[in-house]
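Here is the structure we will look at.
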Amino acid sequence: MPSTSIFDTEIVWRGLFRDGGLGMSGTYNQGGEGAPIEHLDQLAAYLASGCKPRDAFRIGTEHEKFGFALKDHTPIPYESDGPSVKKMLEGLARFGWERVEEDGKLVALKRNAASITLEPGGQFELSGAPLETVHETCAEVNGHLSEVREVADEIGAGFLGLGFSPKWSLEETPMMPKARYGLMKAYMPKVGTMGHQMMFRSCTVQTNLDFSSEADMIKKFRVSLALQPLATALFANSPFKDGGLNGYLSYRGHVWTDTDRNRTGMLPFVFEEGMSFQRYVDWVLDVPMYFVKRGGKYLDATGQSFRDFLDGRLPALPGEKPVISDWEDHIGTMFPEVRLKTFLEMRGADSGPWNTLCALPAFWVGLLYDDTALDAAWDLVKGWSADHREGLRLAAAVHGMRAGYDGDRPMQDLAREVLAISRAGLNARGRLNSYGENEAHFLDELDEIAVSGLTRADHLIERFKGEWKGSIEPVFTECAY
């Protein structure tokens, strides 16, 4: 889902937009303010502004969770006499969070460089601060879940760590009072069959990571895109739908295969000769828009062209040209398996229990933040074709570790190889906690999955068929934070 990313709170430009009126050092104003975009190279320069020295690399973790009423396991609405999303936000504000409103409705909280936002169906998302180590991001996750649990207990709510809503239908799922979600809800059926499922019934955990140059971005983009299906398999945790089994280990992963093909998927062009910041810009320009934000209001621009906007011919704002905040908004409505902004966003994993929320950043940091590990991972995937990568993506959602990887070899074999590379990368980083442990121990649970060949979804299916006796209700205890 589009979200307020950990890196989006404030962007400081360093003369990249010399023709855009920002000068040598300025802060870009969101919400349609600032000078119009005059040159196409400003769009690529926006992406390139994310390049930073290695010692400035940070780790950002985002994760979503489903809220439910403890008494009857129904989804919590935005407002009610019982547990509600609004009460959760109001209760969390005591921990030093600043309130964010839209049209007089409390819809988010922010604290330092972190935020708590709402997905369309009321899923709570933490967009964490940019941190130096996986130890720090894991501590942040733990602290956040502790705060959530304290408030939730007071109002009779619980929160669920799964990749897809296990019980509630679309009709039973509430919609949050955010204008852009109304625009997206109306548009989604025009471009795919499962857009509403994605919006209202899915939850993910994501990691945002940095790059040092265009070449570094390209290599990391290619490695992480190729291996995103492996992340889908390792973190598969959404085998339920409508109170029963859905036939997938990662139904969330399956939903993304027919949400909106214009803006999702494995982006074959990233692996082609000539990949660059500008090539990504060209792709984004060809993806239809969702909205334009002016004066705090969302204007319907669904299906309209950003290229027309650049020429002052956008039907939603005739005669007006975009500013950089409009470009940033449009980029944020791209949903490929890896998304490029001023950082790279890993998007292929189901949400899950606390330890997997820590394992995901560890997995990707180990692969992408050590040069030797990155080279080894690239050597592993560079010969794969676009068809092979797409085949892995489709199979991972269904079969997890049993998905075919190389002839008769299962994904389980690939998992062992890649986890060994990631662990070596984390060991080489040598970032220790107060107990003298480095970040590699966060991979332990993933190693167990790779050895056993059984994902968390496999274990949930076994329990559903066995001790749960076909009832979905135990999931609200077993998978709650």
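Miscellaneous remarks
- At R0 = 41 Å, FRET efficiency that the Cβ-Cβ distance of Asn246 and Lys321 yields, to 0.05: 0.35
- Based on the reciprocal of the average 1/r between different C-alpha atoms, the Kirkwood radius for region 285-416 equals 18.2 Å.
- Over region 338-481, the pair-distance histogram of Cα-Cα distances with 5 Å bins from zero comes to 2, 8, 14, 19, 21, 16, 10, 6, 3, 0 percent, rounded to whole numbers.
- Paramagnetic reach from Phe95 (point 7 Å along Cα→Cβ, amide N under 14 Å) across region 58-75: 63-65
- Applying a DSSP loop filter and a limit of 13 other Cβ atoms within 10 Å to the trypsin sites (Lys or Arg not before Pro) in region 49-78 leaves Lys71.
- Loop-located trypsin sites (Lys or Arg not before Pro) in region 368-473 whose Cβ has at most 13 other Cβ within 10 Å (DSSP): Lys382, Lys469
- Förster radius 25 Å - calculated FRET efficiency between Glu448 and Ser471, Cβ distance, rounded to 0.05: 0.40
- Helix-only mean residue ellipticity at 222 nm for the chain, each DSSP H run of n ≥ 4 adding -39500 (n - 2.57), per residue, nearest 500: -11500 deg cm²/dmol
- Along region 106-113 the Karplus relation, 6.51 cos²θ - 1.76 cosθ + 1.60 evaluated at θ = phi - 60°, assigns HN-Hα couplings of 6, 10, 6, 9, 9, 8, 6, 9 Hz to successive residues, with x for each Gly and Pro.
- Where the chain is the region considered: accessible area per residue in Å², 1.4 Å probe: 37
- For the chain: Kirkwood Rh in Å [reciprocal of mean 1/r, alpha carbons]: 22.7
- When you filter the GluC sites (Glu not before Pro) in region 427-481 for DSSP loop state and at most 15 other Cβ atoms inside 10 Å of their Cβ, you are left with Glu437, Glu467.
- Pairwise Lys count, region 126-219 - Cα closer than 26 Å, eight or more residues apart or different chains: 4
- Here the 3J(HN,Hα) profile of region 397-404, calculated from phi with Karplus coefficients 6.51, -1.76 and 1.60 at θ = phi - 60°, is 5, 8, 10, x, 5, 8, 4, x Hz, Gly and Pro shown as x.
- As a length-normalised measure over Cα pairs under 8 Å and 6 or more apart, the relative contact order of the chain settles at 20 percent.
- Our estimate of slack between Glu38 and Glu437, defined as 0.36 nm per intervening residue step minus the Cα-Cα distance, is 138.6 nm.
- Think of it this way: in the chain, Cys51, Cys203, Cys479 stand alone, with no other Cys Cβ under 4.7 Å.
- Only protein atoms count toward the accessible area here, which uses a 1.4 Å probe; on the chain, the carbon and sulfur part of that area reaches 48 percent.
- Shown here are the Rg and Dmax of the Cα trace of region 75-163, at 13.0, 42 Å.
The values are calculated or read from the model by the stated rules, or taken from the named source; none is laboratory data. Not measured: the values here are computed from a predicted model. Heads up, the Cβs are rebuilt from the backbone with ideal geometry, glycines too, and the neighbour counts pull from every protein chain shown. Side chains are part of the model used for accessible areas, which takes the heavy atoms of the whole protein and leaves out ligands, DNA and RNA. Shrake-Rupley method; radii C 1.70, N 1.55, O 1.52, S 1.80 Å.
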